[in-house]
Amino acid sequence: MCRMQVPHRINFAETHAATHPLPIYSLTTERITMKKILMLLTSHDQLGNTGAKTGFWLEEFAAPYYAFKDAGAAITLASPLGGQPPLDPKSDDAASQTDATRRFKADADAQALLASTHKLSDMSAGAFDAVFYPGGHGPLWDLAEDKNSIALIEAMLTAGKPVATVCHAPGVLRHPKIGGKSVVNGKTVTGFTNTEEAAVGLTDVVPFLVEDMLKSNGGSYSKGADWQPYVLTDGLLITGQNPASSEPAAHALLDLLKKL
């Protein structure tokens, strides 16, 4: 088992912060009661011009949600439009089910929370200790371009608070800047690979490719094998490559919060 070693105090401006690939992760057993984590989900449900539906990926919400809940964190859910975020129907098919998604489907309280997310525009960085963005293709269209999301990420990082994203959600790092530079500039990051996007046949559908964007913004892009868990922590940024990385990314965030 591999546990990340993170400095007690992290300055986001430092360009030589320790970076930790996390293909294998250690479960966070220490509770972090009173830590407040904002989970931001997409409100976008159209898969480009295909006529197909998209949204958030269920596993990428459910696994982190229960990792945070079981650790004793206070969780707030929000989305650009508020209310029920759209679920990518492919993430709800039989082949995509996991222990976390099955737990969610039996959890009426969690379903009620998801059905009544707060509006992103009402959220303030000062109210939270960290933010976590689940993926799905939806964030590439709305959260990546949302002025409130961009401002929130900039405010969180400036305040020394972690920002975690998984799968397509690293796309939300496209526009945030600190000191005139992209927040991924000089950082070792990961996200949904070009080969994974090609495998699902959506290279020419998505508005941009996560891997290409991270590279063009100055990030030092790193990846593991397609569809295998791979998580990186560099300073206050935590990025996960794909759906299998969602729970490891959540535990990486919990580990980081214990150090701050």
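Here are the numbers:
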{"read-out": "Ala125 vs. criteria in contact (Cβ under 8 Å) with a residue 12 or more places away in the chain, in contact with a Leu (Cβ under 6 Å, 6 or more places away or on another chain), surrounded by fewer than 23 Cβ atoms within 10 Å (Cβ to Cβ) and not acidic (Asp, Glu)", "value": "yes"}
{"read-out": "Residue in the stretch 62-89 that is surrounded by the fewest Cβ atoms within 10 Å (Cβ to Cβ), counting only those that are among the aromatic types (Phe, Trp, Tyr) and touching a strand residue (DSSP E or B) at 6+ places or on another chain (Cβ under 7 Å)", "value": "Phe68"}
{"read-out": "First in the stretch 66-91 and under 14 Å from Leu41 (Cβ atoms), second anywhere and of a type in the set (Phe, Trp, Tyr) and in a helix (DSSP H, G or I), Cβ under 7 Å, 6 or more apart", "value": "Ile75/Tyr65; Ile75/Phe68"}
{"read-out": "Residue that is at pLDDT 95 or above and touching a Lys or Arg at 6+ places or on another chain (Cβ under 9 Å), where the choices are Thr19, Thr54, Thr50", "value": "Thr54"}
{"read-out": "Tally, over the stretch 68-81, of residues that are within 14 Å of Asp107 (Cβ to Cβ), of a type outside the set (Phe, Trp, Tyr) and not in a strand (DSSP E or B)", "value": "2"}
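The values are calculated or read from the model by the stated rules, or taken from the named source; none is laboratory data. All values reported here derive from a predicted model rather than from experimental measurement. Methodologically, a virtual Cβ is constructed for each residue, glycine included, from the backbone with ideal geometry; neighbour enumeration extends over all protein chains shown.
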